[in-house]
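Report on one structure; see the data block that follows.
What follows is calculated from the coordinates using simple rules that are stated; it is not laboratory data. In this text, all values refer to a predicted model and were calculated from it rather than measured experimentally. Backbone-built Cβ (ideal geometry, glycine too); neighbour counts: all protein chains shown.
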Amino acid sequence: MNYPNEAKLHFLDYWRVVRVRLGLVVLIFLLVVLTAGIISFISPKQYKSFATIEVQPDMTPVRIFENQPTGAALDPKFTQTQFQIITRKGVLYPVIDQLDLCHRWGTPGLPLPEELAYGRLQHMMSLQEIRNTNLIQITVYSTDPKEAAQLANTIAQVYMDQRVQEQQNVVAKSLEQLQQEVHQQEDAVAKAYTDASRLRTEAGIIDPNPDSLENSSRVEDSSVLSNQEKVNDSESEVATLRSRVAQLDRLKSEDLMRTASLLNLSDPVLEQKLPLYQTAQAEKARLLNSGLGHNHPDVKAAQAQIDTLEQQLRQQIDSLRRGLATQLAIAENSLKARQENLNSSQAVQQQKKTVSAAYLDAKYRYIQERKLLETAKTRLNTQSMERTMPQRPAYFRDRAEPALFPSRPSITLNMALGVVAGLAFGIGIAFLLEYLDTSIKTMEDVERALNSPVLAVIPKNIHVLKAPYEDTPDAEAYRILKTNADINRKKINASIISVVSGGPGEGKSTTVCNLAQIYAVSGAQALVVDADLRRPAQHRLFDLENRAGLGNYLKGDVSFDDAVQGTAYPSLQVLTSGSASPDAIGQLNSPRMQALMELVRDRYEIVIFDCPPILGVSDASVISTLVDASIVVVQHRRFPRSMLLRVKKALDGIEASLLGVVLNNVDIRHDENYQYYTSYSHYYTKSGKERSSRKGAARTAPASSIKEDDY
């Protein structure tokens with residue numbers, strides 16, 4: 001597919017539609033522009049006045065505490081919201097009442113209803129936001145410049161007064177709420193102070209600074225610490241004694257003597273006897289080592305001394321063991337008593353700590369509530385002072401003044417819009433008519449409907465040829481028709497053809513006349529038969545008499561040679577329609593008509609029958625069944641495609657051979673696509689002379705000449 005070519009073709013089609021209906025487009029354009037101009041001149045002159053005000057977003061409500069969240073800093077819908085507020089009845093009704101617009105705009109004795117006055121005022125005003133600012137421009141249009149300025153200023157003033165009043169109401173309500181919160185906070189502070197004082201008195205706590213958290217420590221009991229130390233000492237003593245008793249119990253008697261010095265028993269007897277015992281042991285060992293036996297008196301004396309000392313040591317150690325056991329029991333009893341004292345002191349201390357913690361918490365709450373109260377009082381005093389200061393959430397930047405010149409209607413703008421609307425409306429109507437027009441517009445329409453080739457495209461305003469032997473563009477159109485017809489005739493060996501059309505006035509008679517002249521100029525023996533017995537035309541086109549013709553021949557009144565007439569061309573003859581007959585269809589369907597066909601087939605090279613419209617009467621159908629082939633003449637942009645389809649069905653119904661189609665009366669100045677099929681005019685160099693000769697021929701033509709559209 002070649003999409004670029006299709007797009008170009010579509011564009012050319014659009015341009016062709018505009019060119020074809022250029023007159024209509026221009027007419028509609030002029031009417032719209034003229035209407036816009038008339039409306040602009042007769043419309044009442046309106047004056048424009050505007051007031052500019054600066055609006056601030058709603059002030060933040062009074063905050064009771066510093067950590068209270070604030071509202072949004074910027075609302076993107078703020079300006080649009082203010083637009084709606086200004087144009088609503090809440091603002092405009094007071095303006096109407098203040099300026100007494102109901103009586104001013106009403107008739108004497110009949111004031112205008114307030115609702116109608118509101119609608120009129122709303123229609124007169126417009127609002128505009130100055131970009132990237134907080135400025136709003138209130139514009140009013142009126143036929144009275146002073147009234148426009150007064151309305152703009154009054155609307156702005158009423159709106160600003162309402163904003164101030166609303167803001168004051170918000171502040172007053174916030175202050176009232178703040179005062180209530182302050183009273184509630186004072187009650188909370190008093191209650192917290194009472195609770196702290198009660199706990200302090202009940203616990204017997206001495207607090208030198210009850211209004212501050214500084215130097216506030218929790219109560220600690222010194223007796224608990226002392227008892228804890230005593231318990232620790234007793235536990236250490238009991239552990240030591242238990243260790244020594246355990247060591248003595250684990251040692252055997254023979255080992256006790258050797259290790260007694262290592263036990264650190266701290267006994268005077270042991271300290272005295274142990275050295276003697278050890279010395280005796282050493283002496284006995286020395287004697288034995290010197291060679292003395294165990295029975296030697298010295299050895300026995302030493303052994304006796306050892307036994308005596310050992311018995312004394314055992315007795316002393318047993319005495320020490322019993323003393324350590326007694327000390328251990330005493331120490332354990334003392335430890336138990338001290339633990340009981342410690343537990344008792346800890347319970348007392350825990351009770352005191354609980355009371356102290358409750359007091360400290362109550363004191364903390366009291367101090368916090370007091371701080372909140374001080375903050376609330378500070379905010380209350382600040383907001384009370386700010387309320388006394390002027391608050392302007394909206395104020396004038398520019399007051400409206402009476403305009404010196406009218407601003408409506410804008411003639412330049414209205415005319416420009418009229419031009420644009422006129423072009424758009426004219427072109428739109430042209431395309432609408434093109435869409436609604438179902439007539440034959442292109443050669444493709446013909447070929448799709450009839451499935452037959454287009455033999456020639458005949459330009460518009462071509463009448464009967466007066467000098468077809470000259471090389472003129474008008475004659476060349478029919479030369480093309482003759483050439484294409486001859487090519488198609490030779491394929492089916494057709495020498496007798498009929499020229500039909502769907503309806504009257506499509507130019508078939510003129511086509512027959514001019515085509516016959518072209519054949520005559522080429523030297524071919526040609527015959528034109530005017531078979532339209534009801535509305536004949538060939539005798540007028542060839543400027544002949546119609547006293548005797550086809551009708552007379554078919555009735556047998558005259559012979560063929562008496563009925564046929566010569567023309568200015570030696571090789572061209574015409575058989576006019578002759579006298580009318582009420583039984584035309586019967587004559588055309590008679591054996592004499594068939595004999596006529598055989599006669600003219602032998603005598604002429606080409607015979608052309610001018611038939612009546614095929615859809616109007618049945619004459620053309622009868623003739624088309626007798627001839628070799630038929631040519632259909634279709635007038636460009638006249639009859640709908642449905643008529644062409646009916647022509648096709650009519651020819652198919654009688655099994656007629658369709659030679660081709662002539663697309664007649666085409667305005668090639670507007671339909672540029674047809675210039676490719678009629679571009680032969682560009683080959684003629686003496687175009688000016690040819691046009692002059694054609695115009696002169698048209699001027700010298702007899703008054704009886706008939707336009708192409710008539711036949």
I'd like the distance between the alpha-carbon centres of region 458-517 and region 528-573, rounded to an integer number of Å.
19 Å
What order do you get for W15, W105 when you list them from fewest to most C-beta neighbours inside 10 Å?
W15, W105
Expected unfolding gain across S590-T483 under the 0.36 nm per residue rule, minus the alpha-carbon gap, is 35.2 nm
Picking from P582, F609, S559, whose Cα lies most toward the positive end of the charge dipole for region 499-617 (charges on Cβ: Lys, Arg +1; Asp, Glu -1)?
P582
Have a look at Q517, L599, N546 and report the one farthest towards the positive end of the charge dipole of region 453-687, computed about the Cα centre with Cβ charges (Lys/Arg +1, Asp/Glu -1).
Q517
Length gained, D361-Q184, 0.36 nm per residue minus C-alpha separation, equals 61.7 nm
Over region 453-687, what relative contact order in percent results from Cα pairs under 8 Å that are six or more residues apart?
31 percent
Where in region 504-611 are there GluC sites (Glu not before Pro) that are in a DSSP coil and have at most 16 other Cβ atoms within 10 angstrom of their Cβ?
E545, E605
Residues other than K45 with Cβ under 12 Å of its Cβ, Lys/Arg counted +1 and Asp/Glu -1, net out at +1
Given the Cα-Cα distance of K371 and L544 and 0.36 nm per residue of separation, how much length would full extension add, in nm?
49.4 nm
Residues K491 and R448, FRET efficiency given R0 of 25 Å [Cβ-Cβ distance, rounded to 0.05]:
0.70
Would you mind ranking H463, H636, H123, H103 by Cβ crowding within 10 Å, fewest neighbours first?
H123, H103, H463, H636
If R0 = 41 Å, then A524 and L423, at their Cβ-Cβ distance, give a FRET efficiency to the nearest 0.05 of 0.15
Mind giving me the nanometre distance, one decimal, between the label points for E605 and V18, set 7 Å out from Cα along Cα→Cβ?
5.0 nm
Only residues of region 31-47 count here: report those whose backbone N is under 20 Å from the spot 7 Å along Cα→Cβ of S126, or say none.
36-37, 39-47
If contacts are Cα pairs under 8 angstrom and at least 6 residues apart, what is the relative contact order of region 542-614 in percent?
28 percent
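Given R₀ = 25 Å, FRET efficiency for R242-A347 by Cβ-Cβ distance, to 0.05?
0.30
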Kindly state, as a whole number, the per residue volume in cubic angstrom of the convex hull around the alpha carbon atoms of region 525-573.
75 Å³
How large is the charge dipole for region 453-687, taken about the Cα centre, if only the Cβ atoms of Lys, Arg (+1) and Asp, Glu (-1) carry charge, to the nearest 20 debye?
560 debye
